[in-house]
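Below is one structure, written out as structure tokens, with a few remarks after it.
The values are calculated or read from the model by the stated rules, or taken from the named source; none is laboratory data. Bear in mind that the values here come from a model prediction, so they are computed numbers and not experimental data. FYI the Cβ positions are ideal-geometry reconstructions off the backbone, even for glycines, and counts take in every protein chain you see. Ligands, DNA and RNA are excluded from the accessible area calculation, which covers all protein heavy atoms including side chains. Shrake-Rupley method; radii C 1.70, N 1.55, O 1.52, S 1.80 Å.
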Amino acid sequence: MLRFTLNGQAVEVDAPGDTPLLWVIRDHLKLKGSKFGCGMGLCGACSMLVDGQSTRTCILPAASVANKSVTTIEGIGNPELVSAVQQAWVDASVAQCGYCQSGQIVSATALLTQNPNPSDSEIDNAMSGNICRCGTYPKIKAAIKQAASAVQNGQGKLQVGYFEPNKTATEAS
Amino acid sequence: MSTTVDQSRRRFLKQSTLAGGGLVVGIPLVGLSNAAHASEAQALAPNAILQVTPTNEVHFYLPRSEMGQGVHTGLSTLIAEELDVSPANISVHLSGANDEFANPEFGMQITGGSTSIKGHFLPLRQLAANARLVIRQAAAKQLKQPLDAIQTQDGKIFIHGKAFPYGEFVDIATALDFPEDAALKPASEFKYIGKYNQRLDAMAKSTGTAEFGLDVDFEGLHKAALKQPPVYGGSVKSFDDSSAKNMPGVKAIVAIHNGVAVVAEHYYQAKNALAKVEVQWQLPETLGAFSTHSLDANNGMGLFENALKEEGDNGHDEGDAKAIQQANKVISAQYWAPYLAHATMEPMNCTVKIENGKVDVWVGSQSPGMAKNIAALFADVSKDDVTVHSTYLGGGFGRRSASDFVAQATAIAKASNLPVQLVWSREDDTQHDLYRPAALAKFDIGLNKDGTITDWHVKRVGPNIMPYMIDETVDAMAPGFMPNAMVDWLSKRGYGLFDGWVVDPSSIEGLFEDYDSPNKQVSHVTIDPGLPMGFWRSVGHSYSGFFKESMMDEVAVALKQDAVEYRLKHLKQNPRLANVLKQAASQAGWGKPLASGHFHGVATHMSFGSFVAQVAEVSIESNDIKVHKVTCVIDCGTAVNPNVVKAQMEGGIIYGLTAALHGEITLKDGAVEQSNFHDYPMLRMNESPEFEVVIINSNESPAGVGEPGLPPIAAAVANAVYAASGKRLRSLPLKLA
């Protein structure tokens, strides 16, 4: 039995430990926001936060997140209550086909958590693991800067749907 | 849907069972676009449907596939403009397959060829204008006021300063005769067209809640993984599933027309078990012997090179073919573009449930009508028993206009007797595409004494797309569907394929049209080893833009003339292209000093009714080509949503840069050698240039934007590389070492 924290809630899944986390989340737990793109950790569509780090979950054995905290796009925010990064994405109409954007938003969230005011080259470094075939890179870069400034001005949070482990509060700060 | 339609061709569905009720109107887009091909039955049934409910909700049933190009937003903007409702207040629903959703330019339900806005611009506006007028008429009646006094604003009727929501009048409106020709707004009064910049799908696509084909799930759905023959056209000779069939979760292992599938509870179980299935293949001989790297004169590049010696079929003949013999000077060059895969971010997939003779298909498709027919064929049911549920497309770029994966999913569901979602791996997706054709072209450009082009001769060698598309179409459509819709589809962009099968125009498009020359000769030699070909973003223009614009640069360089000035001299008959070129040069500071080590290259190209010019700023560091900035000017006529147009330019350029700098599919013994993003790399953010996009202000009819951004970019970069290094790169991808 696999046990970890998913979007703030303790979960137990009956799946072999070598199953990639992506498929445990999509097939067993039925959360579909994280996407399958390459199965080799090359494109970033499957990115989730594992203890705050943007992680390629299509090659990550689920057993390796035992007792860790996993956050998917659903845990970052939702259409009723979006995070600062998601709001910036909506405002700039970043998405085209949209398939890679969950992963892009997860990586952008991890970046801004660690570096609240990244430079262009820091954005390039942090985001170059996430491929976008529609070519939304210029808009992604602009949206990350907008989100950074919103958070710094107290106009949004990086995670709004996230629940701290062992807390039942409605919203983590 | 139960409908009562007035016999005077009014598209007014008075007793609709659409949830919410109210005013429900639709139009038959086929009939409007091409009355000759619309049967009476088609004319009487609605397709694009607009609903205004008594509770003031506005619903729009969208007849086109949304694959990122923004059509969802663009078409809704047309409705919003004439109905006078904010686009943000329109609920958009993706429509499934329906013959009545046929694309006005294709006569079949296909999204491609950069046609959606172009083909729907007037019909959808007219529908919404008619709806607004009937609501005003209803309000005039109920409020006992003259029609002239009834104004509208953002979904409300205004009279003497009082506001009433549209919904209050829709029941009365339904009882009125539906108008047919309400006046359309002049461009000067547009509130949303050309001004509205939000995407309506932005929230769903920023929160992981947009449903793509792979996200479809329901109780009892199984997942399938498929082993396909390494060479296209192969089939299963025999297979051994003894080590796979007892693996966890495995429910069935079945052979289908082109592979062996494992059906399991979960995808990862299916994938693991599939690895243990041993398959013996029957492989096709011709393609099985083809290797792109071969040095043999009858294989690989040798085949293409040899074919250049053939005379070829005539593709375009203008002026005097022999005049080139009198030319003062002839400049010749030949160029190469390799096969390319599409690499949509979402691998191909399709979900099929067959129950009691009814087939449900969930798929993100650029041609759901074709998907429906293919599913009917492979499930062996009438197409009336197939329902296609459209999802968002995780990228299309032409790949999802084919239905090979729909055929497979249906065959697996039928053979296993289970509802299945077929999931292709990235490796499947890279190795089983319908590829962008490889192309070799040779130009001979004749010049007179003052350097003016008098003869434009070009020969293209390579495979054609149409035979592969026709193959699928004929299988799925013939015979009943063929007489009008298929002929229409084949004749898109003026294809005259039934008039002798000479040259597929998509093979030569863009090679000769743009520049003035009294004599133009285009010939074509078909070389097709048998790898399947498909529509790839901008189709023939994807290579012809590189070929033609590199050639033009070579001529200008040979004559020691400025690349912009020289082009302008030959654009007297193409003023819109001349204009974007001038604007791009001025915007980019053409001819002015750049940062040390930086060089400009320019290219301009017309495709899909739009005119685009680009200037690329490039530097070279230890043989690496670095693109710093791209200035792009587009004239697409009326820009319905400028933000989407800009995004499509950036996206088209980035897609084109991936091809220009990285893209190459090679074959060994007929099998594709690349498999995933490590050996078929995509442009990433660290390689993405800065952009400056300018949209020409125009009231001309809207033209395509999804594709025209791509064709010039490879040449703009190659021309800058020449300026920087003196090395003329005539093959894609561009490599200096």
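If you go through segment B:34-57, how many residues are open to solvent by less than 10 Å² (accessible area, probe 1.4 Å), at pLDDT 50 or above and in contact with a helix residue (DSSP H, G or I) (Cβ under 7 Å, 6 or more places away or on another chain)?
So the count comes out to 5.
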Which of the residues spanning segment B:255-290 are surrounded by 19 or more Cβ atoms within 10 Å (Cβ to Cβ), more than 20 Å from B:Gln408 (Cα to Cα) and not aromatic (Phe, Trp, Tyr)?
B:Leu287, B:Gly288
Which numbered condition B:Leu221 misses (of (1) surrounded by fewer than 18 Cβ atoms within 10 Å (Cβ to Cβ); (2) over 26 Å from A:Ser102 (Cβ atoms)):
(2)
Please identify the pairs in which a residue from segment A:70-88 that is over 14 Å from A:Ile25 (Cβ atoms) and more than 9 Å from chain B (Cβ to nearest Cβ) has its Cβ atom under 6 Å from the Cβ atom of a residue that is part of a loop (DSSP other than H, G, I, E, B) and of a type in the set (Ser, Thr, Tyr), counting only partners at least 6 apart or on another chain.
none
Applying the selection to segment A:93-135, what residues are of a type in the set (D, E, K, R) and facing chain B (nearest Cβ under 10 Å)?
A:Asp120, A:Asp124, A:Arg133
Give me a count of the residues in segment B:125-161 that are among the aliphatic types (A, V, I, L, M), in contact with a helix residue (DSSP H, G or I) (Cβ under 7 Å, 6 or more places away or on another chain) and not in a strand (DSSP E or B).
10
What residue, among those in segment A:2-18 that are surrounded by 19 or more Cβ atoms within 10 Å (Cβ to Cβ) and touching a Pro at 6+ places or on another chain (Cβ under 7 Å), is nearest to the other protein chains (Cβ to nearest Cβ)?
A:Gly8
Just wondering, is there one or more residues in segment B:601-608 that are hydroxyl-bearing (Ser, Thr, Tyr), open to solvent by less than 10 Å² (accessible area, probe 1.4 Å), touching a residue at least 60 places away in the same chain (Cβ under 8 Å) and within 14 Å of chain A (Cβ to nearest Cβ)?
no
Which ones in segment B:162-210 are in a loop (DSSP other than H, G, I, E, B), within 30 Å of B:Phe405 (Cβ to Cβ) and either touching a Leu at 6+ places or on another chain (Cβ under 9 Å) or aliphatic (A, V, I, L, M) (or both)?
B:Leu200, B:Gly208, B:Ala210
From the option list A:Ser93, A:Ser83, single residue qualifying as surrounded by 24 or more Cβ atoms within 10 Å (Cβ to Cβ) and at pLDDT below 95 is A:Ser93
Residues of segment A:27-36 being in a loop (DSSP other than H, G, I, E, B) and either at the interface with chain B (Cβ under 7 Å from one of its Cβ atoms) or buried (at least 23 other Cβ atoms within 10 Å of the Cβ) (or both), in sequence order, are A:Lys30, A:Lys32, A:Gly33, A:Ser34, A:Lys35, A:Phe36
Condition first: open to solvent by less than 10 Å² (accessible area, probe 1.4 Å) and either at the interface with chain B (Cβ under 8 Å from one of its Cβ atoms) or under 24 Å from A:Met1 (Cα atoms) (or both). Now tell me which residues in segment A:37-50 satisfy that.
A:Gly37, A:Cys38, A:Cys43, A:Ala45, A:Cys46, A:Ser47, A:Met48, A:Leu49
Boolean, B:Tyr192 is within 14 Å of another protein chain (Cβ to nearest Cβ) and either open to solvent by 10 Å² or more (accessible area, probe 1.4 Å) or hydroxyl-bearing (Ser, Thr, Tyr) (or both)
no
Would you check which residues across segment B:615-652 are away from every other protein chain (no Cβ under 13 Å), within 19 Å of B:Asn579 (Cα to Cα), of a type in the set (A, V, I, L, M) and open to solvent by less than 10 Å² (accessible area, probe 1.4 Å) and list them?
B:Val615, B:Ala616, B:Val633, B:Ile634
Picked from segment B:653-691 (must be surrounded by fewer than 21 Cβ atoms within 10 Å (Cβ to Cβ) and hydroxyl-bearing (Ser, Thr, Tyr)), the residue nearest to the other protein chains (Cβ to nearest Cβ) is B:Ser675
Which of the residues that make up segment B:504-534 are closer than 27 Å to B:Val612 by Cβ, modelled with pLDDT under 95 and open to solvent by 20 Å² or more (accessible area, probe 1.4 Å)?
B:Pro505
Quick check, is B:Pro702 modelled with pLDDT under 95, crowded, with 24+ Cβ neighbours inside 10 Å and part of a loop (DSSP other than H, G, I, E, B)?
yes
Looking only at segment B:200-218, which residues are touching a Gly at 6+ places or on another chain (Cβ under 6 Å), within 9 Å of chain A (Cβ to nearest Cβ) and crowded, with 24+ Cβ neighbours inside 10 Å?
B:Lys205, B:Gly208, B:Ala210
Of all residues making up segment B:297-330, the number that are open to solvent by less than 20 Å² (accessible area, probe 1.4 Å) and farther than 26 Å from B:Phe535 by Cβ:
1
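For segment B:255-305, how many residues meet the condition of being of a type outside the set (D, E, K, R) and in a loop (DSSP other than H, G, I, E, B)?
Total satisfying the criteria: 16.
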